[in-house]
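Read through the structure below, which is laid out as structure tokens, and then see the notes.
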Amino acid sequence: MMEEAQTPPSHGQLRDEAADWFTIMRGPEAETRRQEFEAWLARGAVHRMAYNRIAETFSLGKFLNETRETEKPDLPKPQRENRRGMHLAFVGTALVGLTAIGAFHWYGDFPAGNLVSSPPIAVSLPSGAQPQKLATAIGEIRSFKLADGSTVTLDTGSLLLVSLSKAERDLRLVRGHARFEVAHEARSFVVSAGGGTVTARGTIFDVAVADDRRIKVHLLRGAVDVAMADASGQSGGPPLRLKPGQQISLEEGGVLQLAQASDANNGDAQWPDGLRDYENVRLGDLIADANRYASQPLVAGSSEVNEIRVSGTFRVTDTKHLAQNLAGLLGLSLVASPNSLSLARSCPAGRQNICQPPS
């Protein structure tokens, strides 16, 4: 694998391409150019890395710009923007974000201990009568290559049972969150979770088992049929076919919610890369997401800090890096103790913990 220090001479061009694609995929042409974008991503890990860095940098500049806009009167926005202008505006925003990063880049003073998500690992699983167990540890995201050519990516703390026979492909998500990229073939591909089943029609989709046992299905591409059993285990009615971008929540006994693409939480589309896209969420909720991956938990120093609203794209799998970013963005102190990282309004008095005051 190519290390960061071995970036080829075309790094600048790759960064520019990533910035262009980031602009396009947040604009009106996103759906019409999605296949072209995914083909660009599929060229290699360096493309995904370049895109992810642009997304993270944008989140810093986005927050700073939004903060400044609150000090200005409302102005009419142009109906259409020139793409080149959008790209230049983005680059300017990114530079602001990078400046913010430099203001609080002080890794050496903090104790190590956060477990960063591991890169995807391809594992071939043979067909067999006994289900194969696929699992990830806390803080780990891993991809598995099945014998049929399908790929399964498991989020932190997930467990999946896989049974591949000559007639069918049966999978059960016992806990956690998984993405399925299904290989086309004659055998059915059925994922069970709780009392529901998801039958793939050649597609990419996510299935999650929430702490309250609610099942969530999010379709990214293709089509899936979602069915729910009633309390007796019998079919709860005809299956519901989802369209790309739709998300459905299930619990035993019926369908809770079906969301259209504009309403679904599409910010989770990048979770296999450790990224989450947030729009005006509570800082406490973002921290809760990050702590699913953390060996050294992140906490808010007060209820007031918990209620701060945050927007942007963040890498939640690296709690230490995330804490530093949030402290710089929100003007908070970052307090490191042996057992946690805390975001607070100011450094506590009379304590021996390492504390970086607001920048």
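Every number in this text was worked out from the coordinates using simple rules, so none of it is lab data. These figures come from a predicted structure and were not determined experimentally. Virtual Cβ from ideal backbone geometry, glycine too; neighbours counted across all protein chains shown.
Which of the trypsin sites (Lys or Arg not before Pro) found in the stretch 272-359 are in a DSSP loop and have at most 11 neighbouring Cβ atoms, other than their own, within 10 Å?
Arg351
For the pair Leu258/Val281, report the inter-label distance in nm, with labels modelled 7 Å from Cα in the Cβ direction.
Between Leu258 and Val281, the simple spin-label model gives 2.6 nm.
Of the peptides 284-291, 171-178, 33-40, how do they stack up when ordered by the mean number of other Cβ atoms within 10 Å, highest first? Mind showing how you got there, number by number?
On the way: 284-291: 18.0, 171-178: 20.4, 33-40: 13.1.
Highest-to-lowest ranking by the protection proxy: 171-178, 284-291, 33-40.
Work out how much length Leu240 to Asp225 would gain on full extension: take 0.36 nm times their residue separation and subtract the Cα-Cα distance, in nm to one decimal.
Gain on extension, Leu240 to Asp225, equals 4.9 nm.
Just to verify a number: FRET efficiency for Ile354 and Ala186, C-beta to C-beta distance, R0 = 56 Å, to 0.05?
Efficiency, from the Cβ-Cβ distance: 0.40.
Can you list the chymotrypsin sites (Phe, Trp or Tyr not before Pro) in the stretch 148-210 that are in a DSSP coil and have 12 or fewer other beta carbons within 10 angstrom? If you can, show how the numbers build up before the last one.
Details: sites: Phe180, Phe189, Phe205; in loops: none.
Sparse-neighbourhood loop chymotrypsin sites (Phe, Trp or Tyr not before Pro): none present.
Can you give me the Cα centroid spacing of the stretch 282-306 and the stretch 161-217 in angstrom?
When both Cα centres are located, 30 Å separates them.
Which three extents, in angstrom, do the Cα atoms of the stretch 297-359 have along their principal axes, listed largest first?
Each principal axis gives a Cα extent; for the stretch 297-359 these are 35, 22, 21 Å.
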